[in-house]
Structure formats: structure tokens, C-alpha cells
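Colleague: Here you go, one structure.
The values are calculated or read from the model by the stated rules, or taken from the named source; none is laboratory data. These numbers were taken from a predicted model, which means no experiment stands behind them. Cβ: placed from backbone, ideal geometry, glycine included. Neighbour counts: every protein chain shown. We work out accessible area using only protein heavy atoms, side chains counted, and drop any ligands, DNA or RNA first. Shrake-Rupley method; radii C 1.70, N 1.55, O 1.52, S 1.80 Å.
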Amino acid sequence: NEVPAGTEFVTQTMREALSRRLAMVQIHALPAIMLILAYSLLWAFFATISTGRGLHADSLEAYTWGREFDLGYYKHPPFWSWIAGIWFAIFPKTNFSFWFLSELNGAIGLAGAWALIGRFGNRRMQMLGVLLLMLTPFYQFNAQRFNANTILLSIWPWTLYFFVRSIETRLIFHALMCGILAGFALLSKYYGAILVATCFFAALTHHGRRDYFKSAAPYVSTVVAFLVFLPHLLWLVKDGFQPFFYLADRIDKAD
């Protein structure tokens, strides 16, 4: 049986596309991944050498809660503790492993900033922007305290990157990734709602807003983010909104 010419052409096209993808991964993605891992390991070793008091209480809390994989906890939404739970299901339960996770989270955030800045400027601007961020303590020293706040170092920049790409391309993939990450932001800390609101108002002022809101992209992002957050929302209702009472105690404004 002879293979039809059309089928052969499609097969050849798919092979060429796959080859191009693999080449792009080899040229761009692999060096970036190696750089992220090297950065994370460097700062994890620094934390191991310089920190005599051990892990912060927030990190120990993440480890403890992460063993349960509940839909919520009395203080915070659960995503950051889920990350700790998944991490220690794979890696050794040591201080170094936790510092590696913490610094890897910060490094992924810097990579997200690099990608986001690249949508607005050239390579020089990307380099300067990331170097300026590296001069702040958030991505190295403060990142060692893995908690519901520092997890957002990695989530927020990548959410914004896929939001910008979603406006530019209106592709379902970018909208889907934006929605998933926005949902993760809300599942980590409730003020992720500020990030969602920022994206909404940015879309309203964008010069391509008509095409964007006529496409499926914003609605895919919204529905996906809501679905990601929905199980925790149901938990909140069932458990009586415990994190809100915790917040009220912390700020002494019960109303």
C-alpha cells in the first residue's frame, strides 16, 4: 500500500515543526533552566552556611500543612503548602532541600520578570531590569522564608507575562496559562485579587482591548481562574471562613 502524497507532506511538516521546537528548547530553554538551577543552588548553599538558626517558622508551617493536602487552612489558602508537600515527596527532608526550594521559587520569579520585560524592551533592558531586582533582598534573603507571601515571587510575574501574551495573541493557550496562574495566586494569598484587578484594568486601557474582549481569551482566563479557586471557596463556606477570622484577629478589626 502506497502512502498518499498528502499524508507524507503532513508527516514531514510535523517532523520539521518538532525539530524546530526541539532546537528552540536546546538553544533557549536549556541554558535558562541551567542558570536558574545554578542560581538557586548557590543561594541555597549560602543559606546553609550563613543561617545558624535553621528554618523559619513559616517554612516549617508549610512543611507541616503540606503533608495533608487540605483544601484550606485556618490561616491561609493552601497552594504554597501544597508545593512544599509535593517537593518533599520527591526530595530529602532536610534544611538544604527547603532552602533550595525557596531560592528556586525566587529564581523562577526572576525568570518571569525577564520574560515579562522582554515584551516591552530589548535584551539590554531585560538585563538591567533583572539585575536591579537582584539588588533587592526579596529574591535571595527574604526568599529563604518560604510562605504564602514569597510563593508569589514566582507566580505574579508569570501570570502577568501570560496575560500580556494573551492580549497580544488572543490564543487559548496563553489565556489558559494566565487563568491557571491567577487561580494559583488567589490560592496562595487572597490579595492575589489585586493582581487580577490589575490585569482587568490594564486590559480596559490597552489599545487592543476591542479585539481582546471580542475573543474568547479573557473569558477563558476568568473561568479557569474561578475553577482553580472554586474548591477552596467551597471549603471556606463549609469551614466558616476561618482565614477571615484569623485576619480580623491580626488587624484588630473584627468588622
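Colleague: With a 1.4 Å probe and every protein chain left in place, work out the accessible area per residue of the range 76-166 in Å², rounded to a whole number.
Modeller: 44
Colleague: On the accessible surface of the range 202-255, probed at 1.4 Å, how many percent belong to carbon and sulfur atoms?
Modeller: Result for the range 202-255: 63 percent of the exposed heavy-atom area is carbon or sulfur.
Colleague: Hey, another quick one. How would you classify the range 141-201 from its alpha-carbon gyration tensor, with a ≥ b ≥ c the square roots of the eigenvalues: rounded for a/c under 1.5, else prolate if a/b is greater than b/c, otherwise oblate?
Modeller: Prolate is the answer for the range 141-201, as a/c is 1.5 or above and a/b outweighs b/c.
Colleague: Among (1) 144; (2) 206; (3) 188, which is the computed volume of the Cα convex hull per residue in Å³?
Modeller: Answer label, from the structure shown: (2).
Colleague: Follow-up. Explain nothing, just compute: Karplus ³J(HN,Hα) = 6.51 cos²θ - 1.76 cosθ + 1.60, θ = phi - 60°, for every residue of the range 236-249 in order, whole Hz, x for Gly and Pro.
Modeller: 4, 5, 5, 8, x, 6, 4, x, 5, 5, 4, 4, 4, 5
Colleague: Still on this structure, I have one more. Hey, what D do you get for the range 105-255 in µm²/s if you plug the Kirkwood alpha-carbon radius into Stokes-Einstein at 20 °C and 1.002 mPa s?
Modeller: Working: Rh = 16.7 Å.
Result for D is 128 µm²/s.
Colleague: Then there is this: What full-extension length gain, to one decimal in nm, is calculated for A32 and Q242 as 0.36 nm per residue of separation minus the Cα-Cα distance?
Modeller: Numbers: separation 210, 0.36 × 210 = 75.60 nm, distance 4.08 nm.
Extra length from A32 to Q242 when fully extended: 71.5 nm.
Colleague: Going by a ≥ b ≥ c, the root eigenvalues of the Cα gyration tensor, does the range 198-255 fall in the rounded group (a/c under 1.5), the prolate group (a/b larger than b/c) or the oblate group?
Modeller: Since a/c reaches 1.5 but b/c is at least a/b, the shape of the range 198-255 is classed as oblate.
Colleague: Quickly work out the L131-to-L230 label distance, labels modelled 7 Å from Cα along the C-beta direction, and quote it in nm with one decimal.
Modeller: Once both label points are built, they end up 4.8 nm from each other.
Colleague: Over the chain, what is the relative contact order in whole percent, taking alpha-carbon pairs under 8 Å and six or more residues apart? Present the calculation step by step, with values, prior to reporting the outcome.
Modeller: Numbers: 282 pairs, mean separation 49.5, N = 255.
Over the chain, the number comes to 19 percent.
Colleague: Right, here's the next one. Using a Gaussian network for the chain with springs between C-alpha atoms less than 10 Å apart, which of these wobbles most: F146, F69, F201?
Modeller: For the chain, modelled as a Gaussian network with Cα springs under 10 Å, the answer is F201.
Colleague: Work out the FRET efficiency for N122 and E168 from their Cβ-Cβ distance, taking R0 = 25 Å, and round it to the nearest 0.05.
Modeller: Calculated transfer efficiency: 0.90.
Colleague: In nm, what is the difference between 0.36 nm times the number of residues separating H56 and I86 and their Cα-Cα distance?
Modeller: 8.9 nm
Colleague: Answer rounded, prolate or oblate for the range 91-186, using the Cα gyration tensor with square roots of eigenvalues a ≥ b ≥ c: rounded when a/c is under 1.5, else prolate when a/b is larger than b/c, else oblate. Intermediate results must be reported in sequence, preceding the final value.
Modeller: Values: a/c = 2.69, a/b = 1.39, b/c = 1.94.
Here the range 91-186 falls in the oblate category.
Colleague: Next up: Once you place label points 7 Å from the Cα toward the Cβ at K214 and R250, how far apart are they in nm?
Modeller: 4.5
Colleague: Ignoring any ligand, DNA or RNA, what whole percent of the accessible area of the range 93-192 comes from carbon and sulfur when the probe is 1.4 angstrom?
Modeller: Within the range 93-192, the accessible surface is 70 percent carbon and sulfur.
Colleague: Additional query: What 222 nm value per residue comes from the helices of the chain, counting each DSSP H run with n ≥ 4 as -39,500 (n - 2.57) and dividing by all residues, nearest 500 deg cm²/dmol?
Modeller: -23500 deg cm²/dmol
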